[in-house]
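*Asks:* Mind looking over this structure? Questions follow.
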Amino acid sequence: MTLPGGAAGATRAQLLAGVRAWVESAPVRRLVTHFGGDWPDGDLTAVLAGLDAFSARRWDFRQGRERPDAREPAFDPATAGLVLSAAAELGLVRAVAPARSGYAHLLVLGGLAHACLRRTAYAAVLARSAAEVTGEVAVLGSFRSLSPAESRTLDAAGLSGCVTEVDVLDAGVRLAFGVDAPDDERGEPAGHPHRAWSSRTYRPAGLPPVRVLAAPSGEPERRRAHTADTQRFWAEHVRLRADDPVLMVTAPIYVPFQHCDALRTLAVPYGCGIETVGVDPAARAAVDVPEPTLTPGRYLQEIRSALRSMRALHTTLTAA
């Protein structure tokens with residue numbers, strides 16, 4: 001199932017058609033029916049609202065918690081098979097190679113500790129051999145505190161001393177790109193992790209500059225910075241031009257929702273192109289870190305994330 005197109009200059013009508021095609025696709029309809037839902041009546045606005053409400057009742061296993069703390073549902077084999085099949089059709093399972101040979105910028109999205117290390121390592125592989133980057137590699141995270149489980153993973157890998165997500169991203173960049181110290185460092189501690197920001201720029205030999213950003217939250221009184229906050233924050237720090245092709249790296253399971261977030265926060269306001277790829281599972285991190293098991297519950301949770309991201313994109317596209 002193809003995601004809403006991210007080509008530079010895509011029209012609002014084309015993006016809306018892409019949202020409709022994904023949301024109203026056969027695998028989404030099969031999941032709704034299997035979990036006891038009726039397909040929402042009305043136009044695409046009503047369908048998205050209905051699916052958001054339905055998925056909140058049936059597929060929200062986080063309930064406001066961080067992803068590792070989500071409840072894991074017990075599914076029978078038939079249900080588990082249906083979920084995994086739908087996730088594969090919807091683009092959450094397989095990694096896809098970049099479509100172009102060159103990009104203006106390469107974005108790396110943060111996440112849990114193991115993901116930060118895998119994504120920075122994959123970005124280094126892409127920058128060296130698969131995709132010429134004429135602008136910068138931007139590694140986007142926040143001052144989210146690491147969980148005890150993440151700290152244990154890093155300790156076992158010999159990377160003690162990291163306290164936040166951006167610490168791990170910075171360590172991953174140093175290892176994967178072979179750099180020691182930033183050429184430029186700035187930021188604002190702000191006395192509050194949701195308001196603080198930082199920027200470190202490295203200049204590895206023979207490669208584009210690599211900037212590690214920790215973004216502040218768009219709603220610091222309510223929550224930490226999320227994906228859209230980091231994307232907006234980066235756009236404010238780079239001269240992003242219309243028609244710039246941008247390649248974004250995440251994990252396959254997050255590609256649909258983070259792609260649509262980037263369409264909303266980058267492609268629509270700036271006119272740039274967005275292509276989103278998942279880390280190739282064959283690409284190893286610079287240090288040995290375990291890969292978590294992706295369960296049917298995890299996939300359903302991220303299908304819900306994709307639906308919510310597409311609803312937000314739809315709202316932006318129809319607001320004008």
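*Asks:* Round to the nearest 0.05 the FRET efficiency obtained for Ala88 and Ala130 when R0 = 25 Å and r is the Cβ-Cβ distance.
*Replies:* Computed FRET efficiency for Ala88 and Ala130: 0.60.
*Asks:* Each residue of the range 157-171 in turn: what ³J(HN,Hα) in whole Hz from Karplus with 6.51, -1.76, 1.60 and θ = phi - 60°, glycine and Pro shown as x?
*Replies:* Going residue by residue, I get 8, x, 10, 5, x, 7, 10, 10, 4, 5, 4, 5, 4, 5, 5 Hz, with x marking Gly and Pro.
*Asks:* Near the amide H of Val279, under 5 Å away, which other amide H atoms are found, from residues 5 or more places off or on another chain, if H is placed in the peptide plane?
*Replies:* Result for Val279 returns Thr250, Ala251.
*Asks:* What distance in nm separates the two pseudo spin-label positions at Leu16 and Arg152, each 7 Å out from Cα along the beta-carbon direction?
*Replies:* 5.0
*Asks:* Non-local amide H neighbours of Trp197 (under 5 Å, H modeled in plane, Pro and chain starts lacking H): which ones?
*Replies:* For Trp197, the qualifying residues are Glu188.
*Asks:* Find the all-direction average of the projected area of the Cα convex hull for the range 223-304, expressing the result in square nanometres with one decimal place.
*Replies:* 7.0
*Asks:* Per residue of the range 95-102, what does 6.51 cos²θ - 1.76 cosθ + 1.60 with θ = phi - 60° give for ³J(HN,Hα)? Whole Hz please, x for Gly and Pro, Karplus curve as stated.
*Replies:* Rounded to whole hertz, the list is 6, 10, 5, x, 7, 10, 9, x.
*Asks:* Under the classification rounded if a/c is under 1.5, otherwise prolate if a/b is larger than b/c and oblate if not, where does the range 18-62 fall, given a ≥ b ≥ c as square roots of the Cα gyration tensor eigenvalues? Don't skip to the answer; put the middle values down first.
*Replies:* Details: a/c = 1.58, a/b = 1.36, b/c = 1.16.
The shape class here is prolate.
*Asks:* What's the longest piece of the chain with no exposed GluC sites (Glu not before Pro), counting a site as exposed if DSSP puts it in a loop and it has at most 14 other beta carbons within 10 Å?
*Replies:* 67-220
*Asks:* In terms of modelled amide H atoms, which long-range or inter-chain residues lie less than 5 Å from the amide H of Glu136?
*Replies:* Counting only residues 5 or more places away or on other chains, the set is Leu106.
*Asks:* Same structure again: In nm², what is the average projected area of the convex hull enclosing the Cα atoms of the chain?
*Replies:* 16.0
*Asks:* Looking at the chain, send over the antiparallel percent of its DSSP beta bridges, to the nearest 5.
*Replies:* DSSP beta bridges in the chain are roughly 35 percent antiparallel.
*Asks:* Moving on to the next point. Could you work out the per residue convex hull volume over the alpha carbons of the range 168-320, in cubic angstrom?
*Replies:* That works out to 150 Å³ per residue.
*Asks:* Which value, in Å to one decimal place, does the Kirkwood hydrodynamic radius take for the range 163-209 when every pair of different Cα atoms is included? Display every interim value, and only then the final one.
*Replies:* Working: mean 1/r = 0.0853 Å⁻¹.
Taking every pair of different Cα atoms in the range 163-209, averaging 1/r and inverting gives 11.7 Å.
*Asks:* Rounded to the nearest 0.05, what FRET efficiency do Ala74 and Ala53 give with R0 = 25 Å and r taken as the Cβ-Cβ distance? Could you check?
*Replies:* 0.60
*Asks:* Please get the size of the charge dipole for the chain, origin at its Cα centre, with Cβ charges of +1 on Lys and Arg and -1 on Asp and Glu, quoted in debye to the nearest 20.
*Replies:* Charge dipole of the chain: 280 debye, to the nearest 20.
*Asks:* I'd like the antiparallel share, as a percent to the nearest 5, of DSSP beta bridges with both residues in the range 190-302.
*Replies:* Here the antiparallel bridges make up roughly 45 percent for the range 190-302.
*Asks:* Nearest 5 percent is fine: what portion of the DSSP beta bridges confined to the range 102-289 is antiparallel?
*Replies:* 35
*Asks:* Tell me which trypsin sites (Lys or Arg not before Pro) from the range 232-293 have a DSSP coil assignment and no more than 16 other beta carbons within 10 Å of their own. It would help to have the intermediate numbers written out before the result.
*Replies:* Details: sites: Arg232, Arg239, Arg241, Arg264, Arg284; in loops: Arg239, Arg241, Arg284.
Counting only loop positions with at most 16 other Cβ atoms within 10 Å, the trypsin sites (Lys or Arg not before Pro) in the range 232-293 are Arg239, Arg241, Arg284.
*Asks:* Just to check I understand the Karplus step: with θ = phi - 60° and J = 6.51 cos²θ - 1.76 cosθ + 1.60, what whole-Hz values come out for the range 8-20, glycine and proline as x?
*Replies:* 4, x, 4, 7, 4, 5, 5, 5, 5, 5, x, 4, 4
*Asks:* Hey, fewest Cβ within 10 Å first, where do Cys272, Cys116 land in order?
*Replies:* The fewest-first ordering by Cβ neighbours comes to Cys272, Cys116.
Read-outs throughout are calculated quantities, based only on the coordinates presented, and are distinct from any laboratory measurement. All values derive from a computational prediction rather than experimental measurement. When we count neighbours, we look across all protein chains shown, and the Cβ atoms used for this are built from the backbone with ideal geometry, even at glycine.
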